[in-house]
Amino acid sequence: MAPRFAGGCICGGVRYECAADPIAAGNCHCRDCQRASGGAYAAALLVPASAVNITGEVKYYDVTGDSGGIVSRGFCPTCGARLFGKPAAGAGIISIMVGSLDDPSWYRPQADIYTASVQPWDHMNPGLPKFAKLPPS
Ligand SMILES: [Zn+2]
Ligand SMILES: [Zn+2]
């Protein structure tokens, strides 16, 4: 499969290629994403896990998500860059942090989610649908 896009961490220890187009793309404003990213929100793509080829060591930290399920947050143990997430809801799906892409410029968020915890200084795109928590599936 030819890679559609690729990316990696800051130090280069972790690289990945994804052979499929994203299933979904959005900005998550939950407190976990704020803490994990150190910023206002996490911009992420959802892709089929089977389409992603990862090289290098990724460490995962598990947190209990809003749904009660375990969300695993993957990062490079050397440079600390956030790379992946394994959402509680979606077996076979992983998220990729947009900032880790080699070319993040093509990212087009489809929605703002978990806007219940959006920060007052965070200016959201008024043209995007907003969900207080997860969008209804
Ligand atoms: Zn690294
Ligand atoms: Zn989040």
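Readers should treat all values here as calculations from the given coordinates under stated rules, not as data from a laboratory. This is a predicted model, so every value here is computed, not measured. All Cβ positions, even for glycine, are placed from backbone atoms using ideal geometry, and neighbour counts span all protein chains on display.
To the nearest 20 debye, what charge dipole does the chain have about its Cα centre, counting +1 at the Cβ of each Lys and Arg and -1 at the Cβ of each Asp and Glu?
With only Lys, Arg, Asp and Glu charged at Cβ, the dipole is about 160 debye.
Charges on Cβ only, +1 for Lys and Arg, -1 for Asp and Glu, centred on the Cα centroid of the chain; of Pro48, Ala19, Tyr61, which one is farthest towards the dipole's positive end?
About the Cα centre, the residue reaching furthest to the positive side is Tyr61.
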